[in-house]
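Asker: The structure that follows is given in the form of structure tokens.
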Amino acid sequence: MQKLQFSDVTAEQVVDIRNQLAFQNGHLDGALNLIPRHFNQFLSTYVGDEAVVVVTDDADALDELDSNEQIRGYLLAEEIPAEVLVQLQTISAADLLQSDDEFVLLDVRRPEDITRPAPEKNLVSIPFAELPGRLAEIDQALPIYTLCGTGNSATAVASYLVKHGFRAKVVEGGMKAVQEEQSK
């Protein structure tokens with residue numbers, strides 16, 4: 001795969017394959033976050049047939065990606081100018097559980113993966129794989145708090161929602177953190 005310079009990126013969809021915390025702390029505006037195990041399975045679902053530039057912090061991680069003609073090349077995250085990076089907002093489990101505000105809690109886990117039920121307040125369940133086709137079910141006027149087991153899929157979904165004009169935040173630590181907070 002061809003290594004690109006930041007200045008080489010034009011109209012391609014940027015897909016950042018770094019882990020959730022690295023992505024949340026700084027990514028290119030409009031980038032989607034698909035970790036390698038999600039990249040191969042969900043690239044066409046979330047990106048369609050657009051040309052793609054991959055962002056990584058480890059060139060060896062590119063070996064995990066299937067060969068794909070959509071991929072124009074890759075950027076190393078450390079070579080992207082810091083001043084162009086944006087952060088993905090998060091909300092702590094404690095703040096989520098204490099919130100009296102109006103919001104949508106979007107659980108993106110598959111039903112068969114749910115071992116800990118999500119809080120029912122304002123809950124909408126749309127599995128990660130189905131989200132692009134079901135955006136109309138989400139109230140765009142409200143903040144969206146994305147939730148999964150530990151935060152990886154929720155980060156990917158929040159990046160997609162933000163790109164499509166939603167005000168999305170990731171529930172830090174996912175359902176695991178929510179359950180720990182509920183047991184206090």
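Taken together, the values in this text are just the output of simple stated rules run on the coordinates, not laboratory data. As the structure is a prediction and not an experimental result, all values here were calculated from the model. Glycine also receives a Cβ, built like all others from the backbone with ideal geometry; neighbour counts cover every protein chain displayed.
Asker: When all alpha-carbon pairs of the chain are counted, what percent fall beyond 27 Å?
Answerer: 26
Asker: What net charge do the residues around Ile138 carry, taking every other residue with its C-beta under 14 Å from that of Ile138, with Lys and Arg at +1 and Asp and Glu at -1?
Answerer: Spelling it out: positives minus negatives among the neighbours equals -1.
Asker: Could you tell me the relative contact order of region 6-86? Use alpha-carbon pairs under 8 Å, at least six residues apart, and round to a whole percent.
Answerer: Rounded, it is 35 percent for region 6-86.
Asker: Then there is this: Once Rh is set to the Kirkwood radius over Cα pairs, what Stokes-Einstein translational diffusion coefficient, in µm²/s, holds for region 96-143 at a temperature of 25 °C and a viscosity of 0.890 mPa s?
Answerer: Translational D for this selection: 209 µm²/s.
Asker: Step through the residues of region 35-45 one at a time and calculate ³J(HN,Hα) from phi using the Karplus curve (6.51 cos²θ - 1.76 cosθ + 1.60, θ = phi - 60°), rounding each to whole Hz and writing x for Gly and Pro.
Answerer: 4, x, 5, 8, 4, 5, 7, 10, 4, 5, 5
Asker: Here's something else I'd like to know. Find the relative contact order for the chain and round it to a whole percent, using C-alpha pairs within less than 8 Å whose residues are 6+ positions apart.
Answerer: So the answer I get is 23 percent.
Asker: Let me ask you something else. What's the ranking of 92-98, 79-85 by average number of surrounding C-beta atoms within 10 Å, highest first?
Answerer: Numbers: 92-98: 16.0, 79-85: 10.7.
The packing order, highest mean first, is 92-98, 79-85.
Asker: Using a Förster distance of 22 Å, how high is the FRET efficiency between Leu21 and Asp58, based on the Cβ-Cβ distance and rounded to 0.05?
Answerer: 0.95
Asker: May I pose another question? Below 14 angstrom from the Cβ of His27, what's the summed charge of the other residues (Lys, Arg +1; Asp, Glu -1)? Let's see the in-between values first.
Answerer: Details: positive: Arg18, Lys163; negative: Asp16, Asp29, Asp57, Glu78, Glu79, Glu83.
With Lys, Arg at +1 and Asp, Glu at -1, the neighbours total -4.
Asker: For region 6-86, compute the orientation-averaged projected area of the C-alpha convex hull (one quarter of its surface), in nm².
Answerer: Dividing the Cα hull surface by four gives the mean projection, 4.8 nm².
Asker: What is the extension gain from Glu78 to Glu50, computed as 0.36 nm multiplied by their sequence separation minus the C-alpha to C-alpha distance, in nm to one decimal?
Answerer: 7.6 nm
Asker: Are there trypsin sites (Lys or Arg not before Pro) in region 1-66 that DSSP marks as loop and that have at most 10 other Cβ atoms within 10 Å, and which are they?
Answerer: none
Asker: Considering amide H positions built from the backbone, and no H for Pro or chain starts, which residues 5 or more places from Val14, or on another chain, come under 5 Å of its amide H?
Answerer: Distant-sequence amide H within range of Val14: Leu32, Val53.
Asker: For helix 152-163, report the angle its Cα long axis makes with the longest principal axis of the Cα atoms of the chain; keep it between 0 and 90° and round to the nearest 10°.
Answerer: The helix 152-163 is inclined about 80 degrees to the chain.
Asker: Enter the Cα centre distance for the pair region 16-35 and region 43-107, rounded to the nearest angstrom.
Answerer: Measuring centre to centre over Cα atoms gives 3 Å.
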